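*Asks:* Sharing a structure here in C-alpha cells format.
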Number of protein chains: 2
Amino acid sequence: MANYIAFTAEHAIDYIKEIIKKELITVFADNAELNAYEFGDGNLNLVFRIADQDGNSVILKQALPYARCVGESWPLSLDRARIEAEVLINHGQLCPEHTVTVLHHNADLALTVLEDLGHLQILRGAQINAEQFPKLASHVALYLSYTSFYNSDFYLSAEEKKTKVSQFINPDLCKITEDLFFTDPYIEHERNNFPTELKSHVESIRNNQALKLAAAKLKAKFLSSPQTLLHGDIHSGSIFVDANTTKMIDPEFGFFGPIGFDIGSFMGNLLLNYCAQNGRITELAKRRQYQTHLLTCLQDCYNQFEQHWLRLASSETTDISFASNAFTKDYLHDVLRDAIGYCGAELIRRTIGLAHVADIDGIEDEQARLAVQQQTLVLGEQLMLNATSCTSKDEFYSLLVSLLN
Amino acid sequence: MANYIAFTAEHAIDYIKEIIKKELITVFADNAELNAYEFGDGNLNLVFRIADQDGNSVILKQALPYARCVGESWPLSLDRARIEAEVLINHGQLCPEHTVTVLHHNADLALTVLEDLGHLQILRGAQINAEQFPKLASHVALYLSYTSFYNSDFYLSAEEKKTKVSQFINPDLCKITEDLFFTDPYIEHERNNFPTELKSHVESIRNNQALKLAAAKLKAKFLSSPQTLLHGDIHSGSIFVDANTTKMIDPEFGFFGPIGFDIGSFMGNLLLNYCAQNGRITELAKRRQYQTHLLTCLQDCYNQFEQHWLRLASSETTDISFASNAFTKDYLHDVLRDAIGYCGAELIRRTIGLAHVADIDGIEDEQARLAVQQQTLVLGEQLMLNATSCTSKDEFYSLLVSLLN
C-alpha cells in the first residue's frame, strides 16, 4: 500500500480522468467535465459520486485505514477493498442482475469504481416506511442460491475451491462478526448497547446455557465451515431496491463460510422490520397487511432459494459423490437449520449488541420501542433454541407464525 | 523450483557436507566422513540414509515431481515437501515426544533432513507379526489430542487459524484422499482393486443409497471442515514404534480438516489388522488374546484422546464462547461420530479401492484372505451406517464388539 493516500473529491475527479485517459472506464466521454462530492458516513470508507453534465455518474469507494464505528481501535486492513471488489466480481459473474457492477478496482489505493445506484433506495429505509417490493423475495433467492451454489463443493473442483478459500481469507472483517454477532451479546461487554429496562432480560440470556451453547455452535460453524463464498453482511442496508430491481452492495465481509449465514441474516432483517412495525404502524389492519407481506416475502425467499438449489444441484453438480437428491436434501436441511440459528442470532445481536437497526432505534415512543426489543429478543432466543430440531421449512414457518402471534 | 534436481546418494552427501559447513546441522562433526544409500520405493519421494563412521546418521527425504504409484499421471506439486516439513514443525512443537524431528528443510530442493528412526519398526510390519505395544494407545492419544486441540478454534485466535489454514492448503494430496477414500469405492472406477469373488459385495455397496449418502457426507466434511491441522495419513505405515517409543512420520497429506479423520483412520488400521489376524494366526487362543489387545488399544486410545481433549479444553481454551463443558462435550460428540464414519470408510477403501494394506494382501491362503475382506467390508459398512446414531463412545465400543464376534 506504498502509494495509498486518502482521497478528497478533487483526487476522485483526477483519478477518474486518469482512468478515462487510459481507457479503463467507458461511462464518460474523453473530454467530460466532472464534478464530485463525498457522501456516506466516512467511518470505514470514503464514498464519492462523480458525475458529468450529461447525467452520467459513477461511485468511487475507498477504504480508510481505520474504523471509527467499531470501538476506537479496531484494526481493519485495506485488503478489505480487494475482498469487496473480488466478491462483487465473483458474484457479478454468477448473478449480474442482482450484484452492483464493478467498473474498476485499484488495490494499491484500496478503491473501487462502481455503477451508481443512486436512482434506487436502500431497502432498510424503504421498509421502515413500510414500502413493499413484490420482486424482492425472488431476487434475493436468485442471488443467494446462484452465488452459493456455484461457489460450493457441488460445483467447484476441490482445487479451485481451496484456491478461492485462500483468496477470500478475511480475518479483520470476520473478527467483527465473530465478536459482535456471536460473543458480545452472551457476555458482559462494554461494546453491548441496550437500555436499562432490558437488563434482566439480557441477564437471562447470559444465564441461558442452552442458548449460549447454540450461539457457540453457530460461531464454530462460522469459523470452520467454508461451504461457499458469502456476501457476509446481507442486512437491509446492503440492498438497493426499486419496484423492479434488487442490487446487493458492500460485500467487504465476504469469505468462505456456512451457506445458512447470508440467508439467515436476510431473514433476520425482515423479522427485525416486522417487529419494529408493532411500534410504528398504529393502524392495525394496515400493520397486519404489511407484516403479512413481510412474512410472505421471507417464506417466498426461502422456498425459492431452496428450489433453485435443488434444480442447480440436480443439473450442475460436478462431483459425482454429491450428485444425488438424497445428499442435496440432507445438505439443504443442514443449511435450513443453520439459517434459522443465524436468523435468531441476528435478532439478538441487533437488539442488545453494538450495532442496532434504525427500524427499531428510530421508534420514538420509548415504551413502544422497548416492547419491540423484548419481542425481537424472545423471537431470537426461540429461533436459536429450536433451530436444530426443525425438520422442515414448513415447521420453521409454523414456529415463526406461532412466535409472532 | 528453479534449482530443483533429483538427488543421487552423492548429491545427498555433498548437500549434507554443505549444511554442516554452514552450521545448519549439528549431528555430524565438521570433518565427518559420510556415506549414503537410497532406500524406500522411490515412487513419490527419494529417501537416503546418510551416516558417518561413528554411528551418527540422518534421513534425507526429497519429493519427486511425479507420482508413480497413484495412476500413471497424478500431478503432485513439490510443495508437498514444504507442507510435510511445516506440519512436522508444527506438530513437533506441540508433541515433540511423538513427532519425528526436522533437522533442516530446503523448499527449493523440496527436501527435508530428518532424525533417523532406523532403530524403530514400522507399526504395520510389527502388527502383521502380532507384536504388541502397550504404550501405543496412550502415545497416539497424546499426539492426536495435543496436535488437534492446539490447532483448533478452541486455542488459536481466528486470525492465526485463518493464516494457518491458508499455509496448509494442500490440493494435490487432498485430491488423492478425496478420490481414493470417498469416491472410487462407491462407483465403478478403474483404480479400484478387488478380486472377482468380491464383485457382488462391491455391487451391493454401490447400490446401497444409505451408505453412499454417508460416504458423501464424510467427503463433504473432509472438504469443508477445517477444524484442525491434521496429519492426514495416519495409517500403520506412518508410525514408527518400539516398546517405549512412538513417532509419527510422513504428514505430507496434512491440511486443515475434521478432527475425526486422523483418529478414525488410526482406528481403521487397528481394525484392518484385527480382521487380518483371522486369516493369519491359526491358534485360536493366541489370536483371541492378540485381538483383545488390539481392541483394548483402540478403546484406550479413544478414551485417552477424549480425556486429554476435555482437560485441555477446560484449562487452555482461549475463546470465551467455547469455554464451557457443554460445548466441548457437544463438539467431541461430533468428533466421535466423524471418527466412526472415517474409520468405516478406511476399512472399505483399503479392501476394494486402489491402496490396500499388507496386513490383508499378504495373507497367502486365498479363501482366508477373501473371508477377511468380506469381514472388513461388512464392518466398514456397519460403522459408516451407524456412525451418526452413536450417542457415546461406549455405544461405539459395544457396536464394534457385536460386529467383531
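The values are calculated or read from the model by the stated rules, or taken from the named source; none is laboratory data. This one's a predicted model, so the numbers in the text were calculated from it and none came from an experiment. So basically every Cβ, Gly included, is an ideal-geometry build from the backbone, and we count neighbours across all protein chains shown. We work out accessible area using only protein heavy atoms, side chains counted, and drop any ligands, DNA or RNA first. Shrake-Rupley method; radii C 1.70, N 1.55, O 1.52, S 1.80 Å.
*Asks:* Report the charge-dipole magnitude of segment B:227-299 in Debye, nearest 20, computed about the Cα centre from +1 at each Lys and Arg Cβ and -1 at each Asp and Glu Cβ.
*Replies:* On the way: 5 positive and 6 negative charges, 88 e Å.
Using Cβ point charges on Lys, Arg, Asp and Glu, segment B:227-299 gives about 420 debye.
*Asks:* Please check segment A:309-345 for residues whose accessible area, probe 1.4 Å, is lower by 30 Å² or more when all protein chains are in place than in their chain alone.
*Replies:* Residues meeting the cut-off: A:Ile320, A:Ser321, A:Phe322, A:Phe327, A:Asp330.
*Asks:* Using θ = phi - 60° and the Karplus curve 6.51 cos²θ - 1.76 cosθ + 1.60, what whole-Hz ³J(HN,Hα) does each residue of segment B:339-348 get, with Gly and Pro shown as x?
*Replies:* Per-residue couplings from phi come out as 4, 4, x, 5, 4, x, 5, 5, 4, 6 Hz.
*Asks:* Something else: For chains B and A related by rotation, which residue of B has the Cβ nearest the axis, and what is the rounded distance in Å?
*Replies:* Per the Cβ-to-axis criterion, the result reads B:Ser166, 2.
*Asks:* For chain B, set up a Gaussian network in which alpha carbons nearer than 10 Å are linked by springs, and say which option among B:Gln53, B:Gln277, B:Gln291 fluctuates the most.
*Replies:* Evaluated over chain B, the most mobile residue of the options is B:Gln53.
*Asks:* Please list, by residue number, everything in segment A:116-143 whose backbone N is under 20 Å from a paramagnetic label point 7 Å out along Cα→Cβ of A:Thr26.
*Replies:* A:116-117
*Asks:* Could you give the dipole magnitude of chain A about its Cα centre, charging the beta-carbon of Lys and Arg +1 and that of Asp and Glu -1, in debye to the nearest 20?
*Replies:* Dipole of chain A, to the nearest 20 debye: 980 debye.
*Asks:* Taking only Cα atoms and a 10 Å spring cutoff, compute GNM fluctuations for chain B and point out the largest among B:His189, B:His119, B:His104.
*Replies:* B:His119
*Asks:* For chain A, what is the mean residue ellipticity at 222 nm derived from helices alone (per DSSP H run of n ≥ 4: -39500 (n - 2.57); sum divided by total residues; nearest 500 deg cm²/dmol)?
*Replies:* Details: 14 runs with 206 residues, N = 405.
When only DSSP H runs of four or more count, the value is -16500 deg cm²/dmol.
*Asks:* Counting heavy atoms of the protein chains only and a 1.4 Å probe, report the per residue accessible area for the protein assembly as shown as a whole number of Å².
*Replies:* That works out to 39 Å² for each residue.
*Asks:* Spelling out what I want: for every residue of segment A:151-163, take phi, set θ = phi - 60°, compute 6.51 cos²θ - 1.76 cosθ + 1.60 (Karplus), and round to whole Hz; glycine and proline get x.
*Replies:* 9, 9, 5, 5, 10, 6, 5, 4, 5, 4, 5, 4, 4
*Asks:* Return the carbon/sulfur percentage of the accessible area of chain B, one whole number, probe 1.4 Å, all protein chains in place. Intermediate results must be reported in sequence, preceding the final value.
*Replies:* Details: 7680 of 15790 Å².
Roughly 49 percent of what the probe reaches on chain B is carbon or sulfur.
*Asks:* Between A:Thr318 and the same site in the other copies, what are the distances in nm, shortest first, taking label points 7 Å from Cα along the C-beta direction?
*Replies:* Its label point is 3.6 nm from the equivalent points in the other copies.
*Asks:* Taking Cα atoms of chain A, Rg/Rh with Kirkwood Rh, to two decimals?
*Replies:* 0.97
*Asks:* I would also like to ask the following. State the Kirkwood hydrodynamic radius of the protein assembly as shown in Å, one decimal place, computed from all pairs of distinct Cα atoms.
*Replies:* 29.0
*Asks:* Just to be sure I understand: if you take the accessible area of chain B alone plus chain A alone and subtract the pair, with a 1.4 Å probe, what total do you get in Å², rounded to 100?
*Replies:* Approximately 2700 Å² gets buried when B meets A.
*Asks:* Pop out the ³J(HN,Hα) list for segment A:255-260 in order, Karplus 6.51 cos²θ - 1.76 cosθ + 1.60 with θ = phi - 60°, rounded to Hz; leave Gly and Pro as x.
*Replies:* After applying 6.51 cos²θ - 1.76 cosθ + 1.60, I find 5, 7, x, x, 3, x Hz.
*Asks:* Relative to the first principal axis of the alpha-carbon coordinates of chain B, what is the inclination of helix B:136-150, with its axis defined by its Cα atoms, in degrees from 0 to 90 and to the nearest 10?
*Replies:* With rounding to tens, the tilt is 80 degrees.
*Asks:* Provide a whole-number value for the mean count of partner chain Cβ atoms within 10 Å of the Cβ atoms in peptide B:218-230.
*Replies:* Mean partner-chain Cβ count within 10 Å for B:218-230: 5.
*Asks:* Follow-up question, since we're still on this one. How far is B:Leu284 from the same spot in each other copy, in nm, shortest first, if each label point sits 7 Å from Cα toward Cβ?
*Replies:* 8.2
*Asks:* If you take each beta carbon of peptide A:174-181 and count the beta carbons of other chains within 10 angstrom, what is the mean?
*Replies:* 2
*Asks:* Within chain B, which is the longest segment containing none of the GluC sites (Glu not before Pro) that sit in a DSSP loop and have at most 12 other Cβ atoms within 10 Å?
*Replies:* The segment B:73-187 is the longest one with no such site.
*Asks:* Okay, next question. Do any of A:Lys21/A:Lys162; A:Lys221/B:Lys217; A:Lys219/B:Lys221; A:Lys329/B:Lys329; A:Lys219/B:Lys219 go past 26 Å between their Cα atoms, and which?
*Replies:* Violating the 26 Å limit, Cα to Cα: A:Lys21/A:Lys162; A:Lys329/B:Lys329.
*Asks:* Next question, about the same structure. What do you get for the angle between helix A:9-21 and the principal long axis of chain A? Use alpha-carbon atoms, 0 to 90 degrees, nearest ten.
*Replies:* 70
*Asks:* Moving on. In degrees, nearest 10, range 0 to 90: what is the angle between the Cα axis of helix B:393-404 and the longest Cα principal axis of chain B?
*Replies:* On a 0 to 90 degree scale, this one is about 80.
*Asks:* Gap in Å between the Cα centre of segment B:223-253 and the Cα centre of segment A:282-349?
*Replies:* Taking the Cα centre of each part, segment A:282-349 and segment B:223-253 sit 40 Å apart.
*Asks:* Another one. Any idea what the dipole of the protein assembly as shown comes to, in debye rounded to 20, about its Cα centre with Lys/Arg Cβ at +1 and Asp/Glu Cβ at -1?
*Replies:* Taking the Cα centre of the protein assembly as shown as origin, the dipole is about 1800 debye.
*Asks:* Please list, or write none, the aspartates and glutamates whose alpha carbon is within less than 15 Å of the alpha carbon of B:Lys17, excluding same-chain residues fewer than 8 places away.
*Replies:* Cross-link targets: B:Asp30, B:Glu33, B:Asp52.
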